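The structure appears right after this line, and notes come after that.
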Amino acid sequence: MPELASNVVFRTQQLTKTYRVGEVEIHALRGVDLEFYAGEFVVLLGASGSGKSTLLNILGGLDTASSGRVFYGDTELTRSDDAALTAYRRDYVGFVFQFYNLIPSLTARENVAIVTEIARNPLTPEEALGVVGLSERLDHFPAQLSGGEQQRVAIARAIAKRPSVLLCDEPTGALDSRTGIVVLEALLRANRELGTTTAVITHNAAIADMADRVIHISDGHITTIERNETKVQPAELSW
């Protein structure tokens, strides 16, 4: 899969996703046209069930579209087979979820090393954990870390392979506001230092103030896209 040739990282054309539950059809995405640009920090805002996670899962190669087209650079993901999508996820995409999914028996350093040992041009575990401010916690196990620290280890693990894109699904959803701000600072630092295009799903409207662009999603549609002329630092957010 080629590297990006332009500043457009993702492009979707009339993207739809329909799930069938028994006799009921659920339309998660309804004709989404969207672009993401290299190096930007984007917040996708919408209520639960609006289609945010479905969109990110398709962009990340974890799910497939029902119709429409998805491009990563010039590569059409909607035409990629399972092997190509696996390679795409491994080489280009970092994921951060609401729950940390760390291996309890491994230290922070070892949890990150799981990725660095298979990546093509990784950061070292020490470098990745340094980006998220955990240089002093390398040899601590998850049970010895707070929730915010565990989430930052998960971010370090995601950025260690130097992904082109970092897709984050409610990364502060399980955290209080003070801890959440520390996690958002870690995401922003990774975005700035590594140039990684970062997309953050949230239902928390306050987080939108730190983004380059805010994409509002409702009932499977993109309703509005806003650009922040003046961005707020995470420490200035309140929710």
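Coordinate-derived values only; no laboratory data. Worth saying up front: this structure is predicted, and the values here are computed from it rather than measured. Cβ coordinates were reconstructed from backbone atoms using ideal geometry, including for glycine residues, and neighbour counts include every protein chain displayed.
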- For the stretch 110-187, what does the alpha-carbon gyration tensor say about shape, rounded, prolate or oblate, given a ≥ b ≥ c as the root eigenvalues, a/c under 1.5 as rounded, and a/b over b/c as prolate? oblate
- So, counting K/R as plus one and D/E as minus one, what does the shell of residues with Cβ under 15 Å around S67 add up to? +1
- Query: Which of G68, I207, L175 sits closest to the plus end of the dipole of the chain, meaning its Cα is farthest towards the positive end, when Lys and Arg get +1 and Asp and Glu get -1 on the C-beta?
  - Reply: G68
- Heads up, the stretch 1-130 by the C-alpha gyration tensor (a ≥ b ≥ c square roots of eigenvalues; a/c under 1.5 rounded, else a/b over b/c prolate, else oblate) looks prolate
- Note on the structure: One would report the antiparallel percent of DSSP beta bridges in the chain, rounded to the nearest 5, as 55 percent
- Query: With +1 on each Lys and Arg Cβ and -1 on each Asp and Glu Cβ, how big is the dipole of the chain about its Cα centre, in debye rounded to the nearest 20?
  - Reply: 140 debye
- Name the aspartates and glutamates eligible as straight-distance cross-link partners of K52: C-alpha to C-alpha under 15 Å, and not fewer than 8 places from it in the same chain. D33, E35, D63, D169, E170, D219
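Mind ordering 147-154, 227-234, 192-199 by average Cβ neighbours within 10 Å, highest first?
Numbers: 147-154: 24.2, 227-234: 11.8, 192-199: 19.0.
Listed from highest to lowest mean packing, they are 147-154, 192-199, 227-234.
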- Rounded Å value of the spacing that divides the Cα centres of the stretch 164-239 and the stretch 57-82: 23 Å
- Item | For the stretch 1-134: relative contact order, % (alpha-carbon pairs under 8 angstrom, 6 or more apart) | 23 percent
- Rounded, prolate or oblate (a/c below 1.5 giving rounded, otherwise prolate when a/b exceeds b/c) for the chain by Cα gyration tensor: prolate
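Go through the stretch 35-143 and name the trypsin sites (Lys or Arg not before Pro) that are in a DSSP coil and have 14 or fewer other Cβ atoms within 10 Å of their Cβ.
R120
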- Task: Could you tell me the distance between the Cα centroids of the stretch 114-157 and the stretch 8-35, to the nearest Å?
- Result: 34 Å
